[in-house]
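The structure appears below as structure tokens.
The values are calculated or read from the model by the stated rules, or taken from the named source; none is laboratory data. Keep in mind it's a predicted model, so treat the numbers as computed, not measured. Here the Cβ positions follow ideal geometry from the backbone for every residue, glycine too, while neighbour counts run over all protein chains shown.
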Amino acid sequence: MTGLIPAPSPAAERRERILREAVLQGLLDPERSQLAAFVDLDGVAATVESLHRAFPSAPPVLHAFAAKANSLVPVLAELRRLGMGCEVATAGELARALAAGFAPDRIVFDSPAKTQAELRRALDLGVAVNADNYQELARIDRALDGRAPVSRIGVRVNSQLGGGTIAAMSTATSTSKFGVPLADRGSRRELLRAYLDRPWLTWVHTHAGSQGCPLDLMARGVAQAVEFAEEVNAAVGRRQVVGIDIGGGLPVNFADDETTPTFESYVGQLRTHAPALFSEASGLRDGYEIVTEFGRSVLAKNGFTAAYVEYTKSMGGRPIAVTHAGVQVATRTVFNPDAWPLRIEAHDASGRTKQGRSVRQDIAGPACFAGDLLARDRALPLLEPGDIVAVPDTGAYYFSTPFHYNSLPEPAVYGVRTAGDGRVGFELLRRAQDPWDVPVLEPAVGAR
């Protein structure tokens, strides 16, 4: 039959229940808190469980959450309690991982621009380090000064197999800024010599990219890393390289509530393209230890943003809803909407899903430039002042990484758990920033 509205998904029903309770408890309020974000901690636990279940229990696997995807310390601490490690790309992320309680040996430090001080701190702590280039290896040589490292140390390799549909997210291109190239003339031989000269280089790291990268490209990149590891071990005649850091990058489906692709489907691709990663075909009695660095695929679908509609208008015949969610919490979508489209859900002031005939309209943010739009020409029940828009799939890289354009304040972030009796409970993960609380630097003594 035609004209029937499809039944809401369980995930959409859960978002509605959370929104209604948030309104009742005053976490969303048209006068005091017009924008807030929510992390479904029950959903996070289920996702982490599916990740652990997808990979074999032997050889050992450390699933290190990519902190850049959501670096809120309470979120990181929750992931630690769920048995994950943490991958960091800056000193700031390393500090947050330590504050969240991660043991140093469950932290992996990746960055193309590590300073000497950052390297020394990581090595002193025993944090795993993936070197990005030969100059960084030379810095590690100097920092170790002949000592055997406590840290697991590897080199990031670039398979140079190509990119996906989003160039900015593709890191295995021929000219990527990351890692040591495997296909450039003479590069593989130089890298092999670096491993032969440094018996403490016991890991190989690779990462082909993330959103927009097909699974087979990612798996073939891992296969290149495994092949190089076996080349090192064959050259030294012993088990020098014991582990492969396969990176993360599992894409996320932003079109609806279905979780696809799954971790299981990716492991299937790994078994097809890099079987030695899991089996004794590697020549190692126990296979390779594995580190993963998933971020977006762990958090994105377990978080959403909600904002009130402040004003509505019509321009050139098209309705426009001006909301409190825009570039400050959806930076990638606003600046690159074709690559990062987001769904919008319409709710009334109580949080209930709004009914009515769909009308094509723009969903605008509060920032003072014309392109601050969450969605263009989107079919939704006609929004009115006081309604609420919910933006699913924003648990990673959105509200947790605010953009301070126009000095727009950071919204409050709440963790959500559902009790056995169905009651929704909230815990504050980040306080809302007060726009009137402006830090003023004290003038230096003698300054005019």
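Can you pull out the residues in region 376-422 that are in contact with an Asp or Glu (Cβ under 9 Å, 6 or more places away or on another chain) and within 17 Å of ARG20 (Cα to Cα)?
GLY386, ASP387, ILE388, VAL389, ALA390, VAL391, PRO392, TYR414, GLY415, VAL416, ARG417, THR418
Output the residues belonging to region 23-63 that are in contact with a strand residue (DSSP E or B) (Cβ under 7 Å, 6 or more places away or on another chain) and hydrophobic (A, V, I, L, M, F, W, C).
LEU27, LEU28, LEU35, ALA36, ALA37, PHE38, VAL39, LEU41, LEU51, PHE55, VAL61, LEU62
Could you pull out the residue among VAL88, VAL108, VAL155 that is closer than 22 Å to ILE244 by Cα, free of Cβ contacts under 8 Å to residues at least 40 places away in the same chain and crowded, with 24+ Cβ neighbours inside 10 Å?
Just a single option satisfies the conditions, and that option is VAL88.
Residue-by-condition table, conditions (1) outside any strand (DSSP E or B); (2) surrounded by fewer than 16 Cβ atoms within 10 Å (Cβ to Cβ); (3) in contact with a Leu (Cβ under 8 Å, 6 or more places away or on another chain); (4) not assigned by TED's automatic domain parsing to the domain that holds GLY395:
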residue: ARG15; (1), (2), (3), (4): yes, no, no, no
residue: LEU19; (1), (2), (3), (4): yes, no, yes, no
residue: ALA22; (1), (2), (3), (4): yes, no, yes, no
residue: GLY26; (1), (2), (3), (4): yes, yes, no, no
residue: ALA36; (1), (2), (3), (4): no, no, yes, no
residue: ALA46; (1), (2), (3), (4): yes, yes, no, yes
residue: SER50; (1), (2), (3), (4): yes, yes, no, yes
residue: PRO56; (1), (2), (3), (4): yes, yes, no, yes
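GLU280 is checked against (1) closer than 25 Å to ALA131 by Cα; (2) charged (D, E, K, R); (3) at pLDDT below 95 and fails just one. What number does that condition carry?
Of everything listed in (1) closer than 25 Å to ALA131 by Cα; (2) charged (D, E, K, R); (3) at pLDDT below 95, GLU280 misses just condition (1).
Where residues in region 389-411 are within 12 Å of GLY303 (Cβ to Cβ) and not in a loop (DSSP other than H, G, I, E, B), which of them is farthest from the chain's Cα centre (by Cα)?
Among those that are within 12 Å of GLY303 (Cβ to Cβ) and not in a loop (DSSP other than H, G, I, E, B), it is ALA390.
Just to be sure I understand the filter: pairs with C-beta atoms under 6 Å, separated by 6 or more residues or on different chains, first member in region 323-339 and more than 21 Å from ARG430 (Cα to Cα) and modelled with pLDDT under 95, second member assigned to a helix (DSSP H, G or I) and not aliphatic (A, V, I, L, M). Which pairs pass?
none
From the list ARG360, ARG352, pick out the single residue that is in contact with an Asp or Glu (Cβ under 6 Å, 6 or more places away or on another chain) and surrounded by fewer than 18 Cβ atoms within 10 Å (Cβ to Cβ).
Of ARG360, ARG352, the one residue that is in contact with an Asp or Glu (Cβ under 6 Å, 6 or more places away or on another chain) and surrounded by fewer than 18 Cβ atoms within 10 Å (Cβ to Cβ) is ARG360.
Table: residues versus (1) polar (S, T, N, Q); (2) within 20 Å of ALA300 (Cβ to Cβ).
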residue: MET84; (1), (2): no, yes
residue: THR90; (1), (2): yes, no
residue: ALA95; (1), (2): no, no
residue: ALA99; (1), (2): no, no
residue: VAL129; (1), (2): no, no
residue: ARG139; (1), (2): no, no
residue: ARG142; (1), (2): no, no
residue: VAL180; (1), (2): no, no
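Being acidic (Asp, Glu) and either part of a loop (DSSP other than H, G, I, E, B) or surrounded by 14 or more Cβ atoms within 10 Å (Cβ to Cβ) (or both) is the filter here; which residues of region 367-387 pass it?
Answer for region 367-387, where residues must be acidic (Asp, Glu) and either part of a loop (DSSP other than H, G, I, E, B) or surrounded by 14 or more Cβ atoms within 10 Å (Cβ to Cβ) (or both): ASP372, GLU384, ASP387.
How many residues does region 352-371 hold that are under 28 Å from the mean Cα position of the chain (by Cα), farther than 24 Å from ASP437 by Cβ and not small (Gly, Ala, Ser)?
3
Okay, residues lined up against (1) assigned to a helix (DSSP H, G or I); (2) touching a residue at least 12 places away in the same chain (Cβ under 8 Å); (3) of a type outside the set (Phe, Trp, Tyr):
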| position | (1), (2), (3) |
| --- | --- |
| ALA97 | yes, yes, yes |
| LYS114 | no, yes, yes |
| GLU118 | yes, yes, yes |
| VAL129 | no, yes, yes |
| ALA138 | yes, no, yes |
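Please tell me if HIS63 is closer than 30 Å to SER279 by Cβ and assigned to a helix (DSSP H, G or I).
no
What about ALA168, is it part of a helix (DSSP H, G or I), surrounded by fewer than 23 Cβ atoms within 10 Å (Cβ to Cβ) and at pLDDT below 80?
yes
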